[in-house]
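The values are calculated or read from the model by the stated rules, or taken from the named source; none is laboratory data. Everything numeric in this text was worked out from a predicted model, so none of it was measured. Cβ: placed from backbone, ideal geometry, glycine included. Neighbour counts: every protein chain shown. In case anyone asks, the SASA skips ligands and DNA or RNA and just uses the protein heavy atoms, side chains included. Shrake-Rupley method; radii C 1.70, N 1.55, O 1.52, S 1.80 Å.
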Amino acid sequence: MDLSINICTYNNRDFLRHCLVSICEKIQDVSFEIIVVDNASQDGTADMIKKDFQNVCLIENARNAGVAPARNQSIKRSAGRYVLLLDADTEFVSKNFVDVIKYMDKSPDVALLGVQQITFDNQPYPASRTFPLIRDIVLRRLAFLGFVRNSRLMKAHHLLFHDQDAPVEADYVIGAFQLIRRDIFATIGLLDENMFYGFEDADYCARIKKAGYRVIYYPSYTIKHYVSGITRKKLLSIIGMQLLFSHFKSYTKFYRKHRDLLRRRKQ
C-alpha cells in the first residue's frame, strides 16, 4: 500500500465529511487507506463515519487525549509506505497526488513533505515556516493587522521570499498536512505526546532535521484548509482559551527541546 491517510478529529463532523469525500474524489492511481481517530466528539462524528464511510478504519477514544497521542494511535495502526497526517478541516483540491508520491520515491533524503494550502475564502495560507521564535508567535496572533501580516518579519517566517513554484526546503511545514516516510518512525520515533495541542508538528520536523533528513514544501499540490473559518469561533469560547493556554505550553516544551535550532535563527 502506498499511503495511509491518518486523521484525528474532535467535533468536526461536517468538515470531516467534506474531507473524506474529497479524498475519495481526488486521489487517483495511488493505493491508500483512511484511518480516523475520533477524540470523543459529541457531534455525531463516529455515527456519520459508520453510516457513510464504511471503508474508513475508525478508532473511537473515550476522551480527548490530544492531537499527538491520537495521531500516534493511527500511525501504529497504519500500513502504507507513506503516512499522511491530515487535519479534519481540510479538503483536497489537486488530483495529482501520484506526483507527490513519485517525488518522495525519488528523494530518499526527504523524510517529510508539506503542500500548498489555501483558506476557506481561497487565500494563500502559510504552510511552510521557519522554526518559530517567541516574536513569531506573538506576531502570528496579531496577523489580523495588515501591517503585521505584511511585515518583513512575518514574510520571512512564512518563507514568502522563496520561489513558490518549485519544491523548497523548509524548517517545518504545519501539521494540517504532513506526508512522512514510514521508515522515519523507526529512526526518530513517534510524535511527542507531551505536546497536547500545537507545535508537535514543528517538533517532529526539528527531530527530522537533527537526524540528517530534509523537510520539503511542495507547492505543486494544493489543499484547502478551513482553519481561518473555525479558529476565530473557538478562540472566543472558554474551550478556546484553554486551547490557547495549551498552545503556549506546548511552545515552551518546543523551545526547551530545540533552543539550539532557535539560536541559529537569531544569528
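Within segment 66-111, can you find the residues that are small (Gly, Ala, Ser), open to solvent by 10 Å² or more (accessible area, probe 1.4 Å) and farther than 14 Å from Phe32 by Cα? If the condition is that a residue be small (Gly, Ala, Ser), open to solvent by 10 Å² or more (accessible area, probe 1.4 Å) and farther than 14 Å from Phe32 by Cα, then Ser94, Ser107 are the ones that fit.
On the basis of being farther than 28 Å from Gln28 by Cα, in a loop (DSSP other than H, G, I, E, B) and open to solvent by 40 Å² or more (accessible area, probe 1.4 Å), does Phe144 make the cut?
Working: farther than 28 Å from Gln28 by Cα: yes; in a loop (DSSP other than H, G, I, E, B): yes; open to solvent by 40 Å² or more (accessible area, probe 1.4 Å): yes.
So Phe144 passes the test.
Among the residues of segment 26-55, just one is open to solvent by 60 Å² or more (accessible area, probe 1.4 Å) and within 21 Å of the chain's Cα centre (by Cα), namely Phe32.
Count of segment 167-214 residues, restricted to those that are more than 24 Å from Phe32 (Cα to Cα), touching a strand residue (DSSP E or B) at 6+ places or on another chain (Cβ under 9 Å), of a type in the set (A, V, I, L, M) and in a loop (DSSP other than H, G, I, E, B), is 2. For segment 96-138, a residue qualifies if it is assigned to a loop (DSSP other than H, G, I, E, B), touching a Lys or Arg at 6+ places or on another chain (Cβ under 7 Å) and under 18 Å from His258 (Cβ atoms), and the qualifying residues are Thr130, Phe131, Leu133.
Kindly indicate whether Arg129 is among the charged types (D, E, K, R) and surrounded by 15 or more Cβ atoms within 10 Å (Cβ to Cβ). First the steps, then the outcome.
Working: among the charged types (D, E, K, R): yes; surrounded by 15 or more Cβ atoms within 10 Å (Cβ to Cβ): yes.
The answer is yes for Arg129.
Assess whether Ala79 counts as being touching a residue at least 12 places away in the same chain (Cβ under 8 Å), aliphatic (A, V, I, L, M), closer than 17 Å to Phe185 by Cα and assigned to a helix (DSSP H, G or I). I'd like the intermediate steps shown before the answer.
Details: touching a residue at least 12 places away in the same chain (Cβ under 8 Å): yes; aliphatic (A, V, I, L, M): yes; closer than 17 Å to Phe185 by Cα: yes; assigned to a helix (DSSP H, G or I): no.
No: the conditions fail for Ala79.
More than 21 Å from Val67 (Cα to Cα), in a helix (DSSP H, G or I) and either among the acidic types (Asp, Glu) or modelled with pLDDT under 85 (or both): does that describe Ala156? Yes, satisfied. When each of Val83, Val98 is tested for being among the β-branched types (Val, Ile, Thr) and farther than 20 Å from Lys209 by Cα, the lone residue that passes is Val98.
Within segment 56-65, the residues that satisfy the criterion of being hydrophobic (A, V, I, L, M, F, W, C) and either open to solvent by less than 30 Å² (accessible area, probe 1.4 Å) or assigned to a loop (DSSP other than H, G, I, E, B) (or both) are Val56, Ile59, Ala62, Ala65.
Going through Ile208, Ile223 one at a time, which residue ends up being open to solvent by less than 10 Å² (accessible area, probe 1.4 Å), over 15 Å from Leu84 (Cα atoms) and modelled with pLDDT of 95 or more?
Numbers: Ile223 fails: over 15 Å from Leu84 (Cα atoms).
Residue meeting the stated conditions: Ile208.
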